[in-house]
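Input: a single structure, listed below in structure tokens.
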Amino acid sequence: MPDYVIAPPAIAAVPVEGGGLFPVRRIFCVGRNYAEHAREMGADPDREPPFFFAKPADALLTGDADMPYPPMSNSLHHEMELVVAIGTGGADIAEADALGHVWGYTVGLDMTRRDLQNAAKKEGKPWDMGKGFDHSAPIGTLIPAAKFPDPTKGRIALTVNGAIRQESDLSKLIWSVAETIAYLSRLVRLAPGDLIYTGTPEGVAAVVRGDVLEGMVEGVGRIRTKIV
């Protein structure tokens, strides 16, 4: 065994339907991947190639656990997303082969300290503290890819306290799952254990303590968290 000078950190993992855990290496997130969301954020969806940001693996929040309202923010926003789990790594993956690298799918929330993110954007600084804070990646139970063979369509929605906030369809992704995997694999070598949050539809908005968020992707599953 390696002679570590401190105890190694725990391995972040996502529960799998039927039992077991999927160990997580990295979390990549696609920015502005639905046209209407891009517009509500002030961008032109017709002119922008995909771009990515990251969250630390230990930002994951599993088991429908409560999410603590983060410090240093007064504007916590929800972003409901389909999440892709990579089972087979590779670089320069062809789009036609991309789905063969997927182990499974789940649902997730890209929680965002919007005030910190917007301030960073305005000053040309990194978004890390707006996106990659503790508990910022609530995630559901992973299902094998064979149970969701066509990630190009399916309703995606989020309610807050029972009222619809976000509702769209995966067919409205600007960059499909296969295209996203292929493009990202040109930037970094993907590895087993990588997660890709594929982007959120329009309707992102602030939440407060006490709010209950319930999200779903048709054919994939559901997620729930309460802001505390």
Filtering region 14-30 down to residues that are aliphatic (A, V, I, L, M), in contact (Cβ under 8 Å) with a residue 12 or more places away in the chain and in a strand (DSSP E or B) yields Val14, Val16, Ile27, Val30
Among Ile196, Ile143, Ile156, Ile181, the single one that is farther than 26 Å from Pro49 by Cα and either at pLDDT 95 or above or open to solvent by less than 30 Å² (accessible area, probe 1.4 Å) (or both) is Ile143
Residue hits (region 168-191; over 22 Å from Ala91 (Cα atoms) and touching a Gly at 6+ places or on another chain (Cβ under 7 Å)) are Asp169, Leu170, Leu173
Those residues of region 73-89 that are touching a helix residue (DSSP H, G or I) at 6+ places or on another chain (Cβ under 6 Å) and more than 26 Å from His135 (Cβ to Cβ) come to a total of 1
Screening Arg32, Arg47, Arg26, Arg39 for residues that are open to solvent by 50 Å² or more (accessible area, probe 1.4 Å), at pLDDT below 95 and under 16 Å from the mean Cα position of the chain (by Cα) leaves only Arg32
Inside region 67-94, the number of residues satisfying the requirement of being surrounded by 14 or more Cβ atoms within 10 Å (Cβ to Cβ) and either at positive phi or of a type outside the set (S, T, N, Q) (or both) is 18
Residue hits (region 44-90; of a type in the set (Gly, Ala, Ser) and not in a strand (DSSP E or B)) are Ala57, Ala59, Gly63, Ala65, Ser73, Ser75, Gly87, Gly89
Across (1) touching a strand residue (DSSP E or B) at 6+ places or on another chain (Cβ under 7 Å); (2) under 17 Å from Leu76 (Cα atoms); (3) surrounded by fewer than 18 Cβ atoms within 10 Å (Cβ to Cβ), Asp134 clears everything bar (1)
When (1) open to solvent by 50 Å² or more (accessible area, probe 1.4 Å); (2) within 21 Å of Val207 (Cα to Cα) are applied to Asp110, the one that fails is (1)
Log entry, pairs with first residue in region 52-71 being within 20 Å of Arg224 (Cα to Cα), second being hydroxyl-bearing (Ser, Thr, Tyr) and open to solvent by 50 Å² or more (accessible area, probe 1.4 Å), beta carbons closer than 9 Å, six or more apart or on different chains, reads Thr62/Thr141; Gly63/Thr141
Log entry, pairs with first residue in region 212-228 being in contact (Cβ under 8 Å) with a residue 60 or more places away in the chain, second being polar (S, T, N, Q) and surrounded by 18 or more Cβ atoms within 10 Å (Cβ to Cβ), beta carbons closer than 7 Å, six or more apart or on different chains, reads Leu213/Thr225; Val220/Thr106; Gly221/Thr106; Gly221/Thr141
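The rows are residues; the columns are (1) among the hydrophobic types (A, V, I, L, M, F, W, C); (2) on the phi > 0 side of the Ramachandran plot.
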position: Asp128; (1), (2): no, no
position: Phe133; (1), (2): yes, no
position: Ser136; (1), (2): no, no
position: Ala146; (1), (2): yes, no
position: Asn161; (1), (2): no, yes
position: Gln166; (1), (2): no, no
position: Ile174; (1), (2): yes, no
position: Thr198; (1), (2): no, no
position: Ala205; (1), (2): yes, no
Q: Assess whether Val207 counts as being touching a strand residue (DSSP E or B) at 6+ places or on another chain (Cβ under 7 Å), modelled with pLDDT of 95 or more, within 22 Å of Arg114 (Cα to Cα) and among the β-branched types (Val, Ile, Thr).
A: yes
Pairing a residue in region 153-177 that is over 20 Å from Leu195 (Cβ atoms) with any residue that is outside any strand (DSSP E or B) and basic (Lys, Arg), where Cβ atoms lie under 6 Å and the two sit 6 or more apart in sequence or on different chains, gives Ser171/Lys153
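The values are calculated or read from the model by the stated rules, or taken from the named source; none is laboratory data. Since this is a predicted model, take the numbers as computed values, not measurements. In this analysis, Cβ positions are derived from the backbone assuming ideal geometry, glycine residues included, and neighbour counts consider all displayed protein chains. SASA here: full protein model, heavy atoms, side chains in, ligands and nucleic acids out. Shrake-Rupley method; radii C 1.70, N 1.55, O 1.52, S 1.80 Å.
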